[in-house]
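See below for the structure under consideration.
What follows is calculated from the coordinates using simple rules that are stated; it is not laboratory data. Just so we're clear, the structure is a prediction, and the values are computed from it rather than from any experiment. No Cβ is skipped: glycine too gets one built from the backbone with ideal geometry, and neighbour counts run over all protein chains shown.
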Amino acid sequence: MKKILLIDSMAFIFRAFYGFNGANLTNEKGENTVAVYGFCLFLDDLIKLVAPTHIAVAFESPVETFRKKAYPQYKATRKDTPHEIIDAIPVIQKILKARRIPILQQDGYEADDVIGTVANKAKQKGFEVFMATPDKDYAQLVSEQVYMCRPKNGGGYEILNPQDVCHKYGLNDTQQVIDLLALMGDKSDNIPGCTGIGEKTAVKLLQQFGSIDGIYAHREEVKGGLESRVLEQEEQVRFSYFLAKICTDAPIDFQESAFAVQPADTTALLAIYKELNFNSFIQQLHTSVAPQQLELF
């Protein structure tokens, strides 16, 4: 079976930086290498776990996205990204290129949309799709053949199928994750949702009416002061749905051969690892490739 691993880069870069920051890793130039080192560990773990035949890593676009254009406050509450993370991005991309792992990025779209689009196209071509991310938004994309590979707080990963997602959030269908986020909002993305509606009430409404459209189609059946807020804030709720919905038809081409797992350029990779003082990764390469390939080192 063809299996494609799609990795949400920034989610793992942030997780690596904050998760491994106590290690205080630097290279000979004194540059902080924690985010790069942690990301490389996550990358190797994910590849071992999924054993993909195809792979890609998605990055955020520097160009303003369609959500930001529609809602300037989108993600406005987030703190500035630490410079160590910003500095790590080009280094990580350099490592990915040496490992011949495709980098995906599309102007005007987020990494979520890039992965959502590729996941949709890969599924149509018979792939099993594994989306690696800690971001709950991706749960809306989970379906038959499309799984969410989510890191657990205590270490390791959980692979969520549609039944797992529905059980986790008390829903009947993974598409209801969009409705859930639209009702309760999302603080991390600054999606407003419905003022005063939390997850518990949102799930109750969705269990009763199925979707936001179902709520407004049966507005006379919405009872209680808290629930009635949804009726009063219909425009905001529907706009929140627009913000929460991951795009699955971004202008991204999916050519299977371009995503196929390839052997790394070991010479280029070793040079990068040597500059970063990643001795453990250097040793791994020494044990995994023929001696004559490492003669320059």
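Specify the angular offset, from 0 to 90 degrees and rounded to the nearest 10, of the alpha carbon long axis of helix 9-19 from the longest principal axis of the alpha carbons in the chain.
80
When a/c is below 1.5 the answer is rounded, else prolate if a/b is larger than b/c, else oblate, so apply that to segment 176-244 with a ≥ b ≥ c taken from the square roots of the Cα gyration tensor eigenvalues.
Numbers: a/c = 1.58, a/b = 1.52, b/c = 1.04.
In terms of gyration-tensor shape, prolate.
For segment 176-244, give the magnitude of the charge dipole about the Cα centre (Cβ charges: +1 Lys/Arg, -1 Asp/Glu; no others), in debye to the nearest 20.
Once rounded to the nearest 20, the dipole reads 180 debye.
Taking 8 Å as the Cα distance limit and 6 or more residues as the minimum spacing, I'd like the relative contact order of segment 1-152 as a percentage.
Once normalised by length, the contact order is 32 percent.
Please check: in the Gaussian network model of the chain (C-alpha springs, under 10 Å), which one of 103, 86, 159 has the largest mean-square fluctuation.
In this elastic network of the chain, the residue with the biggest mean-square fluctuation among 103, 86, 159 is 86.
Taking Cα atoms, how many degrees apart are the long axis of helix 34-50 and the longest axis of the chain, rounded to 10 and kept between 0 and 90?
80
Kindly identify segment 28-68 as rounded, prolate or oblate by the Cα gyration tensor criterion: order the square roots of the eigenvalues as a ≥ b ≥ c, call it rounded if a/c is under 1.5, otherwise compare a/b with b/c, prolate if a/b is larger, else oblate.
Oblate.
Can you give the % of DSSP beta bridges in the chain that are antiparallel, to the nearest 5?
On the way: 8 of 24 bridges.
Here the share of antiparallel DSSP bridges comes out near 35 percent.
With labels modelled as points extended 7 Å from the Cα through the Cβ direction, what inter-label distance (nm, one decimal) is found for residue 124 paired with residue 253?
Distance between label points: 1.5 nm.
Give me the angle, in degrees from 0 to 90, between the Cα long axis of helix 234-244 and the longest principal axis of the Cα atoms of the chain, rounded to the nearest 10.
With both axes taken from Cα atoms, the answer is about 20 degrees.
Under the definition of Cα pairs under 8 Å and six or more residues apart, what whole-number percent is the relative contact order of the chain? Can you show the working numbers first?
On the way: 470 pairs, mean separation 63.6, N = 297.
Reported as a whole number, the value is 21 percent.
Roughly how far apart, in whole Å, are the Cα centres of segment 50-73 and segment 76-141?
When both Cα centres are located, 6 Å separates them.
How big is the dipole moment of segment 167-297 about its Cα centre under a simple scheme where the beta carbon of each Lys and Arg is +1, that of each Asp and Glu is -1, and everything else is neutral? Debye, nearest 20, please.
480
Using alpha carbon centroids, what distance separates segment 186-214 and segment 259-284, in Å?
Rounded to whole Å, the Cα centres lie 46 Å apart.
Filter 97/274; 125/187; 75/223 down to the pairs with a C-alpha to C-alpha distance above 24 Å, please.
Where the Cα-Cα span goes over 24 Å, the pairs concerned are 125/187; 75/223.
In whole percent, what relative contact order does segment 176-244 give with Cα contacts below 8 Å and a gap of six or more residues? Each step should come with its number before you reach the end.
Numbers: 84 pairs, mean separation 29.8, N = 69.
Relative contact order, segment 176-244: 43 percent.
Of the candidates 162, 251, 102, which one comes out as most mobile in a Gaussian network treatment of the chain with C-alpha springs shorter than 10 Å?
251
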